[in-house]
1. Cut-off under 22 Å on the C-alpha distance; same-chain residues fewer than 8 positions from residue 9 excluded. Which lysines are left, in chain and number order?
2. What's the extension gain from residue 53 to residue 67 if we count 0.36 nm per residue and subtract their Cα-Cα distance?
3. Nearest 10 degrees, 0 to 90: what angle lies between the long axis of helix 39-53 and the longest principal axis of the chain (Cα atoms)?
4. Let me make sure I get this right: for the chain, a, b and c are the square roots of the gyration tensor eigenvalues over alpha carbons, sorted descending. Under 1.5 in a/c it's rounded, otherwise prolate if a/b > b/c, else oblate. Which is it?
5. Per residue of region 20-29, in order, report the coupling 6.51 cos²θ - 1.76 cosθ + 1.60 (Karplus, θ = phi - 60°) as ³J(HN,Hα) in whole Hz, putting x for Gly and Pro.
6. What are the ³J(HN,Hα) values, in whole Hz, obtained from phi via the Karplus relation 6.51 cos²θ - 1.76 cosθ + 1.60 with θ = phi - 60°, for each residue of region 68-83 in sequence order, with x given for Gly and Pro?
7. Tilt of helix 88-104 relative to the longest C-alpha principal axis of the chain, in degrees (0 to 90, nearest 10)?
8. Helix-derived [θ] at 222 nm for the chain: sum -39500 (n - 2.57) over DSSP H runs of at least 4, divide by residue count, nearest 500?
Amino acid sequence: MDNTYKTNKYRLSLLEIVGVTSIRLTFSAAFAFLSSEKQNNFTWALERLRGLFMTSEGGPQVIVTDRDLALMNVVDIVFLECYHLLCRFHIQKKCASKVQNVSEFC
């Protein structure tokens, strides 16, 4: 799950939810335009997602997000039984920016 910040014509946030199959193929699971990046908006979107994907076998087993605190809190509330991980790409990007800042002072 990732949220873009007001890059469309209507200046709304776009929450994109992508799935990965067992053979590592990706697919678009859902999109939602949100008026703001607040917990109540994320709750609405993730509850709709849960309604679509919950089956007798359960729902998603793992959810990966960036470090958006509102989204992280809602994932932990709406999907109690799944693991919540941080996105490796975003972690590497943040680490690279910190290392670059440190090397400037050496």
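1. 38
2. Working: separation 14, 0.36 × 14 = 5.04 nm, distance 2.36 nm.
2.7 nm is the gain from fully extending residue 53 to residue 67.
3. Long axis of 39-53 versus the principal axis of the chain: about 50 degrees.
4. In terms of gyration-tensor shape, prolate.
5. Here the 3J(HN,Hα) series is 10, 7, 5, 10, 6, 8, 9, 8, 7, 8 Hz.
6. Going residue by residue, I get 7, 4, 4, 5, 4, 4, 5, 4, 5, 7, 7, 10, 4, 8, 9, 7 Hz, with x marking Gly and Pro.
7. Taking the Cα atoms of the chain, the angle to 88-104 is about 10 degrees.
8. Mean residue ellipticity, 222 nm, calculated: -13000 deg cm²/dmol.
Throughout, read-outs are computed from the coordinates displayed, never taken from laboratory work. Model, not experiment: these values are computed from the prediction.
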